[in-house]
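Derivation of every value follows stated rules applied to the coordinates shown; laboratory data play no part. From a predicted model like this one, the values you see are computed outputs, not experimental measurements. FYI the Cβ positions are ideal-geometry reconstructions off the backbone, even for glycines, and counts take in every protein chain you see.
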Amino acid sequence: MEDKKQKDAKAPTPAESVEQTDELSQLREILFGQTNRAFRADLSALEARVEDSFSKLNTHLDVQFAQIRKQIDTQVAALTEQLTNANDNHGNVQAHLQNTTDKLQSELEIAETTAKNDNDALEAHVVKELESLDNLFTKRHQELLAKLQQVTSELSESKTDRKTLANLLSTMATNLATDS
């Protein structure tokens, strides 16, 4: 219990505590007051400069961002215009190619029709010529057969010698060879 009394004796009362704090504050003010006020003034000035620099930096960054945004918008507009022009050119080229393809297709169809007509006409002409030649050869063959028949009958009637008959047949063979 005595320890407790000693502790109570050592512990200051609240009034003593306030008194000691005031004394400490006065002592601190005497020793560090001027330095503390100067430090606080420097700190306030530093805060003001930092705030001013921060404000200027924000303004500068806003200006730079606005300039960058403007440049980006300008470049995007230019690229969009180039892309639009490229698309238009591509469309024009595609339309030109389609027109050329259609024209060539039409010309090909015309050429095919013309070639078919020419082929049909040539075939008809060849058939006509073949028929004409066939008729001519048939006619000549008939004439030769008639002539041979006539000569044969003349020979039978006149009893021409063999030498004359051989000459006649030789002449007829020569005529046949030259007519073909």
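Once you have the Cα-Cα distance between residue 60 and residue 106, take 0.36 nm times their residue separation minus that, and quote the gain in nm to one decimal. Present the calculation step by step, with values, prior to reporting the outcome.
Details: separation 46, 0.36 × 46 = 16.56 nm, distance 6.81 nm.
The span from residue 60 to residue 106 would gain 9.7 nm if fully extended.
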Cut-off 15 Å between beta-carbons: net charge of the residues surrounding residue 110, Lys and Arg +1, Asp and Glu -1: -3
With a cap of 15 neighbouring Cβ atoms within 10 Å, and only residues DSSP puts in a loop, list the trypsin sites (Lys or Arg not before Pro) found in region 86-165. 159
Read through the labelled values [x] 195, 51, 24; [y] 67, 40, 23; [z] 44, 39, 28 and report the label of the one computed as Cα extents along the principal axes in Å from the structure. [x]
